[in-house]
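*Asks:* First, the structure itself, so that you have it in front of you.
The values are calculated or read from the model by the stated rules, or taken from the named source; none is laboratory data. All values derive from a computational prediction rather than experimental measurement. As a convention, Cβ positions derive from the backbone with ideal geometry for all residues, glycine included, and neighbour counts pool all protein chains shown.
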Amino acid sequence: MDRRQFLGNSLAAASGAFLSDRGFAGVTSPNSIPGTVPSGEIAHARFPEGFLWGMATASYQVEGAWNLDGKGESIWDRFAHTVGKVKGGATGDIACDQYHRYKEDIAILQRLNQKSYRFSISWPRIQPAGTGAVNQKGLDHYSRMVDTVLESGIRPFCTLYHWDLPQALEDRGGWPNRDLAGYFADYAGILAQHLGDRITVWAPFNMPWSFTYLGYGVGVFPPGRSRYTDFLKAAHTVNLAQGEAFRAIKAASSHATVGSAYGMAPAYPKTNSDADRAAADRYHAMNNVYFLETAIHGRYPKAFVGETPYQTMGFRPGDDKVMQVPLDWIGFHYYTRRIVSDTSASTSAKGGSFGTEIEDTAGGRDPYTRFSSVMPTEGPLTDAGLEKWPRGIYDLVMRISREYNHPVIEITESGCSYLDTPYAEDQEHVPDTRRIDFFREELAELARAITDGARVRAFHAWSLLDNFEWADGYSQRYGLTYVDFRNQKRTIKDSGLWYGRVATANRLDV
Ligand code: FCB
């Protein structure tokens, strides 16, 4: 089952009137599209001077050059080269060819007055076998790219791992093998040693819950394994790896700051019952802060019904100390929200639960968490089928601010897929007004959170470019720049031009 099939399930589950009496319909506009932010709020929204406007990409999604200059095979190379895994048989072999075109792409960022570029480094480009020998050509590539970013007046934000594990490490057991924590720390140290004179902003993992759960728990992402207990083990290794990488980066670079790039969704209980409220808290613990609580407090959050299954996870005495690191700032993404209910009492084979987007087929069916999470369809849907719900970013930012003592926050990703293409008569123009609306409303809600005290210093739109959207291949377009994959021509969409004006003015009515 792929992302879209998940979605199909969730839409079926979410259809009907089941949300209408729930009392969390949010802000409703005069024309009553649920969730719409009033235009007055948009007109008055202001961002602080020095706010870091940025855009994000990920190595496998944009680079191409999958086997050039000594790069090793990654699990995404292997997965995409396996028939039936990716929609349309698409691969990231060429993707946006950013490996060769990074200067052109950074020039777009500069033209749009961007202040931060969040990119990721491909581990198998640096260590083709995942351990040992360093591939100098890989390091040189990123070194040149970072120089270009800095020369353009843009802050480089480096994610160390955006899902492209060296295949050689999967062959040694993948993330459930706790040795990977040490290998990852070695890799982190290499990067900080060679690039730490210029990069000061590091995030070890992109969406750790997603790649461990989807890769090892349900098998719709590489390596395609599906045992919940392997997910628990993989997640524990990643928690150890996050702590080890933090220390390795700091040891190699005195300028380094280390944060995160977690995937998060605000969770609203389906009903006001104690059981559903507790289930929503378990969702928050498992899906939002499972890698944050461990870093900040050295303990697992209460994600489970009953005791934390330490033994199954492979937890050893002293691991709490390894996991605990004082992150310098907290980064997370926002795309959409979830409605969560308790499934403890359910006896049906499916546990009454449906996953959504890249989420849980097994949600609520595992004996550990026992909740069901569904993406509602009250607000309008993007072309990827995700509900647009601007208010969600406000709720999420405020909750993390409250729970973690008002940390510095970076929004590491947010965006929407709409399939608008260049006008036939005017190839230089992509009128993607729905994307402008999406960002305008969401950013108004982010500005409100800042006004209400949240210390948000950066926002990264996903994405600089249309790109390889994982198991969906090229069937989704999240870019603020249109890419014609036949000839790699880039065309800045109207949303990109608008976002560039926002970055200049620190306001939304531009
Ligand atoms: C996030 C991923 C990113 C991209 C967007 C649409 O979950 O981090 O790589 O696929 O979704």
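*Asks:* Has the stretch 177-197 got at least one residue that is in contact with a helix residue (DSSP H, G or I) (Cβ under 8 Å, 6 or more places away or on another chain), in a strand (DSSP E or B) and within 28 Å of Ala65 (Cβ to Cβ)?
*Replies:* No, because not a single residue in the stretch 177-197 is in contact with a helix residue (DSSP H, G or I) (Cβ under 8 Å, 6 or more places away or on another chain), in a strand (DSSP E or B) and within 28 Å of Ala65 (Cβ to Cβ).
*Asks:* Report whether or not Ala424 is away from the ligand (no atom under 13 Å from the Cβ), over 22 Å from Gly385 (Cα atoms), crowded, with 20+ Cβ neighbours inside 10 Å and of a type in the set (A, V, I, L, M).
*Replies:* So Ala424 does not fit the description; no.
*Asks:* If you take the residues in the stretch 235-278 that are part of a strand (DSSP E or B) and among the β-branched types (Val, Ile, Thr), which one is surrounded by the most Cβ atoms within 10 Å (Cβ to Cβ)?
*Replies:* Within the stretch 235-278, the first condition is being part of a strand (DSSP E or B), and the residues that meet it are 257-258, 261-264, 267-269.
Now drop any that are not among the β-branched types (Val, Ile, Thr), which leaves 257-258.
Working: Thr257: 16, Val258: 26.
Filtering the stretch 235-278 for residues that are part of a strand (DSSP E or B) and among the β-branched types (Val, Ile, Thr), the one surrounded by the most Cβ atoms within 10 Å (Cβ to Cβ) comes out as Val258.
*Asks:* Hey, does the stretch 484-505 have a residue that's within 16 Å of the ligand (Cβ to nearest atom), closer than 22 Å to Gly331 by Cβ and not aliphatic (A, V, I, L, M)?
*Replies:* Among the residues of the stretch 484-505, not one is within 16 Å of the ligand (Cβ to nearest atom), closer than 22 Å to Gly331 by Cβ and not aliphatic (A, V, I, L, M), which makes the answer no.
*Asks:* Something else now. Is it the case, given these coordinates, that Ser353 is modelled with pLDDT under 95 and surrounded by 18 or more Cβ atoms within 10 Å (Cβ to Cβ)?
*Replies:* Yes; evaluated as a whole, the condition is true for this residue.
*Asks:* Right, next: Considering only residues that are touching a Gly at 6+ places or on another chain (Cβ under 7 Å) and part of a helix (DSSP H, G or I), which ones fall in the stretch 32-78?
*Replies:* The answer is Tyr60, Gln61, Trp76.
*Asks:* Let me ask something else. Of everything in the stretch 79-111 that's at positive phi and part of a loop (DSSP other than H, G, I, E, B), which residue is nearest to the ligand (Cβ to nearest atom)? Break it down stepwise before answering.
*Replies:* Just the residues of the stretch 79-111 that are at positive phi, to begin with: 84, 88-89, 95, 97.
In the following step, the residues that additionally are part of a loop (DSSP other than H, G, I, E, B) were identified as 84, 95, 97.
Values: Gly84: 20, Ala95: 12, Asp97: 18 Å.
Top of the filtered list is Ala95.
*Asks:* Let me ask something additional. Restricting attention to the stretch 255-271, which residues are touching a residue at least 60 places away in the same chain (Cβ under 8 Å) and more than 16 Å from the ligand (Cβ to nearest atom)?
*Replies:* Listed by number, the residues that qualify are Ala256, Thr257, Val258, Ala267, Tyr268, Pro269, Lys270, Thr271.
*Asks:* If you don't mind, another one. Spot the failing condition for Ala25; the list is (1) surrounded by fewer than 17 Cβ atoms within 10 Å (Cβ to Cβ); (2) under 30 Å from Asn272 (Cα atoms); (3) modelled with pLDDT of 95 or more, and only one is missed.
*Replies:* (3)
*Asks:* Another question, if that's okay. Inspect all residues belonging to the stretch 445-453 and state whether any of them is under 19 Å from Glu41 (Cβ atoms) and within 16 Å of the ligand (Cβ to nearest atom).
*Replies:* No, because not a single residue in the stretch 445-453 is under 19 Å from Glu41 (Cβ atoms) and within 16 Å of the ligand (Cβ to nearest atom).
*Asks:* If you scan the stretch 402-421, which residues turn out to be within 16 Å of the ligand (Cβ to nearest atom) and aromatic (Phe, Trp, Tyr)?
*Replies:* Tyr418
*Asks:* Looking only at the stretch 480-503, how many residues end up being closer than 18 Å to Leu443 by Cβ and either within 21 Å of the chain's Cα centre (by Cα) or surrounded by fewer than 19 Cβ atoms within 10 Å (Cβ to Cβ) (or both)?
*Replies:* 7
*Asks:* What are the pairs with Cβ atoms under 6 angstrom where one residue, in the stretch 448-477, is of a type in the set (Ser, Thr, Tyr) and the other, located anywhere, is within 15 Å of the ligand (Cβ to nearest atom) and in a loop (DSSP other than H, G, I, E, B)? Sequence gap at least six, or different chains.
*Replies:* Ser463/Thr57; Ser463/Tyr478; Ser463/Gly479; Tyr474/Ala90
*Asks:* Now for a different question. Find the residue count for the stretch 416-445, including only residues that are part of a helix (DSSP H, G or I) and touching a residue at least 60 places away in the same chain (Cβ under 8 Å).
*Replies:* Total satisfying the criteria: 10.
*Asks:* For the structure I just gave you, tell me whether Val149 is of a type in the set (Val, Ile, Thr) and either farther than 24 Å from Ile411 by Cα or in contact with an Asp or Glu (Cβ under 7 Å, 6 or more places away or on another chain) (or both).
*Replies:* Values: of a type in the set (Val, Ile, Thr): yes; either farther than 24 Å from Ile411 by Cα or in contact with an Asp or Glu (Cβ under 7 Å, 6 or more places away or on another chain) (or both): no.
It is false that Val149 is of a type in the set (Val, Ile, Thr) and either farther than 24 Å from Ile411 by Cα or in contact with an Asp or Glu (Cβ under 7 Å, 6 or more places away or on another chain) (or both).
*Asks:* Shifting gears a bit: Please find, within the stretch 397-421, the residue that is surrounded by the most Cβ atoms within 10 Å (Cβ to Cβ) out of those that are farther than 20 Å from Met55 by Cα and not hydroxyl-bearing (Ser, Thr, Tyr).
*Replies:* Ile400
*Asks:* Considering only the stretch 161-170, I want to know if a residue exists there that is within 24 Å of the chain's Cα centre (by Cα), within 16 Å of the ligand (Cβ to nearest atom), within 19 Å of Glu63 (Cα to Cα) and of a type in the set (A, V, I, L, M, F, W, C).
*Replies:* Checked the stretch 161-170: at least one residue is within 24 Å of the chain's Cα centre (by Cα), within 16 Å of the ligand (Cβ to nearest atom), within 19 Å of Glu63 (Cα to Cα) and of a type in the set (A, V, I, L, M, F, W, C).
*Asks:* Same structure, new question: Go through the stretch 379-422 and give me each residue that's touching a helix residue (DSSP H, G or I) at 6+ places or on another chain (Cβ under 6 Å) and β-branched (Val, Ile, Thr).
*Replies:* Ile393, Val397
*Asks:* Looking at the stretch 112-147 only, could you name the residues that are surrounded by fewer than 18 Cβ atoms within 10 Å (Cβ to Cβ) and in a helix (DSSP H, G or I)?
*Replies:* If the condition is that a residue be surrounded by fewer than 18 Cβ atoms within 10 Å (Cβ to Cβ) and in a helix (DSSP H, G or I), then Gln136, Lys137, Asp140, Ser143, Arg144, Asp147 are the ones that fit.
*Asks:* Right, here's the next one. Only one residue in Pro380, Pro376, Pro390 is surrounded by fewer than 23 Cβ atoms within 10 Å (Cβ to Cβ), closer than 26 Å to Thr433 by Cα and away from the ligand (no atom under 16 Å from the Cβ). Which one?
*Replies:* Pro380
*Asks:* Mind checking which residues of the stretch 197-214 are more than 20 Å from Val289 (Cβ to Cβ) and either surrounded by fewer than 22 Cβ atoms within 10 Å (Cβ to Cβ) or within 16 Å of the ligand (Cβ to nearest atom) (or both)?
*Replies:* The answer is Asp197, Arg198, Thr200.
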